[in-house]
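To start, the structure under review is shown below, and the notes come after it.
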Amino acid sequence: MGKKGRVFSGARPTGRQHLGNYLGAIRNYVALQDDYDCVYCVVDLHALTTLADTEYLREHTYEMVLDWLAAGMDPGPTIIFVQSHVPQVTELHTILSMVTPMGWLARLPTFKEKVRQQPDNVNYGLLGYPVLMAADITLYQADVVPVGEDQGPHLEFTREIVRRFNHHFGDTLVEPEMKLTDVPRVLGTDGVNKMSKSLNNHIELATSPEEILERVMTMVTDPARQYRTDPGHPEICNVFHLHQHFSPDAEAIVQIEADCRSAAIGCVEHKQWFARDLADYFAPFRARRAELAADPDHVWEVLADGAVRARVIAAQTLAEVKEKVGLP
Ligand code: AMP
Ligand code: TRP
């Protein structure tokens, strides 16, 4: 049976993936393989916009792709590649930049946040980050883009650029749709901020059961529960929210909810329970990851093969774009 269309997503090489990446994006990367032709990209050029990362690019690429494969990404049907291995994206980026109003870029909340985070390195690439992302998506003519909620403004930007391009030069690029999971924004162990490596409030998928327990024990719960006997409010507790996605038993969650409200279960006990379920949930993942890691060349072979296949699609789109734009 034919597939419904093409999926594309990218992620910066941040190394081992965390529960935020998993619940917000990776679960969809894997699930969408059933119905779509999928293309997944390690966006190493995007990573250069924050220069602090660059000495680890190789190692972080390896660790991230190992996680993707262990989570069920299948390099048979699915194309997995590194952005800079398909240089056509930089050419499309330049062409798209000509239909991008400066004001749109400077207004994006993601840009403003970066300016706050790295005031000494507000480079041109940072401003153009969403244009390069639009080039990623449109180079592969993606219909659907699975991402976490934080990428919403970038997706909306891409859609606007596509409309502008098509309006100027005639129907050429596909306007993509954003695809969220049922948990589009995962909070970190602090219970307040988005889970992210840079805030060190994350839990990695590949981590050992001991480390999972250690991390989970630091999680912030309902602040109203000062004493073991204080009744809790599971609806505002991140341990409770996360536990729902990793419990093998839906009834247990109903019980925990009631026992937290009546203070029949304490936070420490609940955290230990959650840590056990989390460690068990990812046991097959850890085993598969160790198997894959036994052949250190495997990841690089997958990426080399992916680049060859990605270039075929990229060359086609770029040729069409150049013709429509009128480049001789
Ligand atoms: P990043 O590691 O920031 O490049 O993100 C890779 C993918 O994971 C993107 O689709 C993000 O939107 C998603 N993601 C990262 N952190 C979270 C989070 N805390 N909650 C939900 N999705 C996330
Ligand atoms: N901006 C995305 C992030 O920070 C990464 C990304 C780059 C991307 N190009 C993309 C995501 C294309 C989806 C599609 O996570």
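Read-outs throughout are calculated quantities, based only on the coordinates presented, and are distinct from any laboratory measurement. Predicted, not measured: the structure shown is a model, and the values here were computed from it. Using ideal geometry, Cβ is built from the backbone for each residue, glycine included, and neighbour counts are taken over all protein chains shown.
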*Report relative contact order for region 189-285 in percent, whole number only (criteria: Cα-Cα under 8 Å, sequence separation at least 6).*
31 percent
*Considering the options Ile253, Val220, Phe240, tell which one lies farthest towards the positive end of the dipole of region 209-281, charges being +1 on Lys and Arg and -1 on Asp and Glu at the Cβ, about the Cα centre.*
Val220
*Under the definition of Cα pairs under 8 Å and six or more residues apart, what whole-number percent is the relative contact order of the chain?*
23 percent
*Residue-by-residue Karplus 3J(HN,Hα) for region 266-283, coefficients 6.51, -1.76, 1.60, Hz, glycine and proline x*: x, 4, 4, 4, 5, 4, 4, 5, 4, 4, 5, 4, 5, 4, 5, 4, 8, 4
_Under 8 Å for C-alpha pairs, at least 6 residues apart: give me the relative contact order for region 169-232, rounded to a whole percent._
22 percent
*Could you pull out every residue, at least 5 positions away or on a different chain, whose amide H is within less than 5 Å of the one on Lys179? Hs are placed 1.01 Å off N in the peptide plane, and Pro or chain starts have none.*
Val145, Val147
_Suppose the chain between Val268 and Asp190 were pulled fully straight at 0.36 nm per residue; how much longer would it get relative to their current alpha carbon spacing?_
26.5 nm
_Cα-Cα separations in the chain greater than 37 Å, expressed as whole percent_ = 23 percent
*What is the dipole size for the chain, taken about its Cα centre, with +1 at each Lys and Arg Cβ and -1 at each Asp and Glu Cβ, in debye to the nearest 20?*
840 debye
*Can you give the % of DSSP beta bridges in the chain that are antiparallel, to the nearest 5?*
10 percent
_Highest-MSF residue in the chain out of Ala25, Ala52, Ala304 [GNM, Cα springs under 10 Å]_ = Ala52
*Could you check which residue among Tyr36, Tyr140, Tyr56 shows the biggest mean-square fluctuation in a GNM of the chain with a 10 Å Cα cutoff?*
Tyr56
*asked:* Could you tell me which residue out of Leu303, Gln88, Ala283 lies farthest along the dipole of the chain toward its positive end? Charges go on the beta carbon: Lys and Arg +1, Asp and Glu -1, centred on the Cα centre.
replied: Gln88
*How big is the charge dipole of region 209-281 about its Cα centre, in debye rounded to the nearest 20, if each Lys and Arg gets +1 on its Cβ and each Asp and Glu gets -1 on its Cβ?*
240 debye
*Pick from Lys194, Lys179, Lys112: which is most flexible by mean-square fluctuation in a GNM of the chain where alpha carbon atoms under 10 Å apart are linked?*
Lys112
*asked:* Within region 142-186, name every residue whose backbone N is under 17 Å away from a label modeled 7 Å from Cα of Arg116 along the Cβ vector.
replied: 150-154
*Check Gly10: other-chain or 5+ apart residues with amide H under 5 Å from its amide H, H built from backbone geometry?*
Cys41
*State the extension gain, in nm to one decimal, for the chain segment bounded by Tyr56 and Glu149, taking 0.36 nm per residue of separation less the distance between their alpha-carbons.*
30.9 nm
*Rounded to two decimals, what ratio of Rg to Rh does region 16-71 give with C-alpha atoms and a Kirkwood Rh?*
1.01
*Go through Lys179/Lys322; Lys3/Lys197; Lys114/Lys197; Lys112/Lys271; Lys112/Lys194 and tell me which ones have a Cα-Cα distance over 25 Å in this structure.*
Lys179/Lys322; Lys3/Lys197; Lys112/Lys271
